[in-house]
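What follows draws every value from the coordinates through simple rules; no lab data is involved. The structure displayed is predicted, hence computed values, not measured ones. Glycine also receives a Cβ, built like all others from the backbone with ideal geometry; neighbour counts cover every protein chain displayed.
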Amino acid sequence: MSTRIILTAALRYAGKALWIFPAPPDSKKSYKSADHSDGRKWGMTRDPAEIRADFAHWADARIGIPTSAVNGIVVIEIDTMAGHGVDGAIALAELEAEHGSLPDTLTACSPSGSLHRYFRHPGIKIKNSASVIDAGIDVRGDGGMVIAPPSINPDGRRYRWINKLPIADMPAWLIELTREKPPSISQRAIAAIRPPINGANCYGAAALEYEIGVLANTAPGGRNAQANKSSFNLHQLVAGHELDGAEVERRLIEACVANGLIADDGLRSVMATIKSGRRAGLQHPRVRPT
C-alpha cells in the first residue's frame with residue numbers, strides 16, 4: 001500500500017512538470033546517476049513510464065525533488081532541537097524581526113520535525129548552505145534537493161504536507177542572504193595563486209577534526225573562548241579555500257552541543273561567539289603549507 005501511495009505521489013509531481021528521482025530510504029541522494037541517465041543529474045525524470053519502472057525496481061524509494069531553476073523552487077529548511085540539536089525557529093524569528101516576516105507558502109514537515117518552506121526560484125543562483133544564514137536554517141537552492149511527502153523513513157515516519165498553499169515568491173531580503181555572491185577581491189587574489197579546492201582536502205580535514213575534537217571536549221570555564229578560537233582557526237581555512245564554510249559552522253554547532261555550551265548559554269550567545277570568530281578568521285586566509 002505504501003509503495004502505491006508513493007508512486008501515485010511521484011506521478012502527480014511529474015504531472016505538475018516537476019523533475020523527480022528515486023531516493024534511498026536512509027540518505028539524501030539518488031539510486032540513479034547522471035552517467036546512466038543520459039546526463040540527467042540524479043537520474044531525474046518526468047517520464048511516467050520511467051517513474052513506474054524506478055519505483056518498481058526500488059520499492060523502498062523515497063521521492064527526491066531537485067531544487068534550483070530546473071524545478072523553479074528553493075526550499076528553506078528550519079531545523080529543530082529534537083531532530084538536529086539546534087532550534088532554527090529561534091534564528092528565523094530573529095531574522096524576521098530584522099527584515100520582515102516570510103510570506104505564507106507551501107510547507108512540509110520532515111520526520112525530524114523540520115519545516116520545509118517552498119519558494120519560487122528567483123531566477124538568480126541561490127547557494128546551498130547549512131546554518132550559514134543563521135543557525136538551524138538550511139537552504140536548498142541550485143544543485144540541491146529535498147525529500148518530498150509522502151516519503152517514508154526506515155523507522156516508518158513520513159514526510160507530510162502541513163498546508164496546501166501556493167508557492168510564494170522569495171522576499172528580497174531572503175534572496176540577498178541566499179544568493180550566490182561574486183568572490184571578494186581577496187578571494188580572487190587567492191584563487192589566482194591557488195585553485196579552489198572542492199570540499200575538504202587532507203590538510204583541511206585534519207585541521208577540522210582536530211579543532212572540533214578540542215572544542216567538543218573543552219570543559220566549562222573555557223568553552224566560550226575555545227569556540228571563538230576554533231571558529232577563527234577554521235574560518236581562516238575557509239577563506240583559504242581549504243574547507244567549506246557551511247560544513248565548518250555545522251560542526252562547530254555540533255561541538256557546542258556536545259560540550260554543553262549551547263545548553264548552558266543558549267544558542268543565540270553561542271552563535272554570536274561563532275560569528276565573531278568567523279568574521280575575524282575570514283579576514284586572515286590560511287592555506288596548506290607548501
- Message: Please report the spacing between the Cα centers of the range 46-102 and the range 13-41 in Å, no decimals.
- Response: 14
- Hey, which aspartates and glutamates would be in cross-link range of LYS127, C-alpha to C-alpha under 13 Å, not counting anything within fewer than 8 residues on its own chain? ASP138, ASP142, GLU176, GLU180, ASP244
- Task: Subtracting the Cα-Cα distance from 0.36 nm times the residue separation, let me have the gained length for ILE124 to GLU209 in nm, one decimal.
- Result: 27.1 nm
- Item | Prolate/oblate/rounded call for the range 70-127, Cα gyration tensor, a/c under 1.5 rounded | oblate
- Query: Going by alpha carbons, how many degrees (0 to 90, nearest 10) lie between the helix axis of 223-239 and the longest principal axis of the chain?
  - Reply: 70
- Task: Starting from the Cα-Cα distance between ARG158 and SER276, subtract it from 0.36 nm times their residue separation and give me the gain in nm to one decimal.
- Result: 38.6 nm
- Query: Taking the mean number of other Cβ atoms within 10 Å as a proxy for protection, how do you rank 98-106, 6-14 from highest to lowest?
  - Reply: 6-14, 98-106
- Note on the structure: With R₀ set to 22 angstrom, the calculated FRET efficiency between the beta-carbons of SER37 and ARG12, to the nearest 0.05, is 0.55
- Message: Rounded to the nearest 20 debye, what is the charge dipole size of the chain about its Cα centre when +1 sits on each Lys and Arg Cβ and -1 on each Asp and Glu Cβ?
- Response: 560
- Tilt of helix 88-99 relative to the longest C-alpha principal axis of the chain, in degrees (0 to 90, nearest 10)? 80
- Item | the chain: calculated mean residue ellipticity at 222 nm from DSSP helix runs of at least 4, using -39500 (n - 2.57) | -13000 deg cm²/dmol
